[in-house]
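Colleague: One structure coming up, written as structure tokens, with questions to follow.
The numbers here are math on the coordinates, done by the rules we state, and not lab data. This structure is a prediction, so every number in the text was calculated from the model and none was measured. Because the Cβ atoms are built from the backbone with ideal geometry, glycine has one as well, and the counts that use them run over all protein chains shown.
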Amino acid sequence: MKTLVPTTSYLIRAIYDWCCDTSQTPYVSVRVSEASSVPLELVQDGEIVLNIGTSATRDLRIDNEAITFSARFDSVSREIFIVISDVKGIFSRESGQGLGFNVDEVAKQESSNTIEKDRVKAVNISSKQRLKIVK
């Protein structure tokens, strides 16, 4: 059975493009976890909101696993790495329009995808083994 890629990264890219096309500033709200690398001194209540617009970032990349870019914080350049499953939402600073994501549901979906992959591997390994009839 083919495992589907979660839609979250595609939706993030769509809202990012929409913000850029309409001259709005895209922001992401991120749940901070050990998997992501963000300026911890700016984290409030386990969350950080970051401007990912073209004027605030360098080398922005939004792929299916993570959002990565360089940005300056207090005049110091930092490399940012955000796991897609930690993104709580993406929205326009000017209008507030965007999308929110249930990070717990995304993490659960990714976990079940991993479990399904492991189950398929186990089935594939089992099918290679030959049964021997013992009387």
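Colleague: So how much slack lies between LEU42 and ASP59, counting 0.36 nm per residue of separation and subtracting their Cα-Cα distance, in nm?
Modeller: Here the segment from LEU42 to ASP59 would lengthen by 4.0 nm.
Colleague: Would you mind getting me the FRET efficiency between ARG13 and ARG93? Use the beta-carbon distance for r and R0 = 22 Å, nearest 0.05.
Modeller: Values: r = 18 Å, r/R0 = 0.81.
Once the sixth-power term is evaluated, E becomes 0.80.
Colleague: Go from 0 up to the bin containing the longest alpha carbon distance in the stretch 52-99, width 10 Å each, and give me the % of pairs per bin.
Modeller: 24, 50, 26, 0
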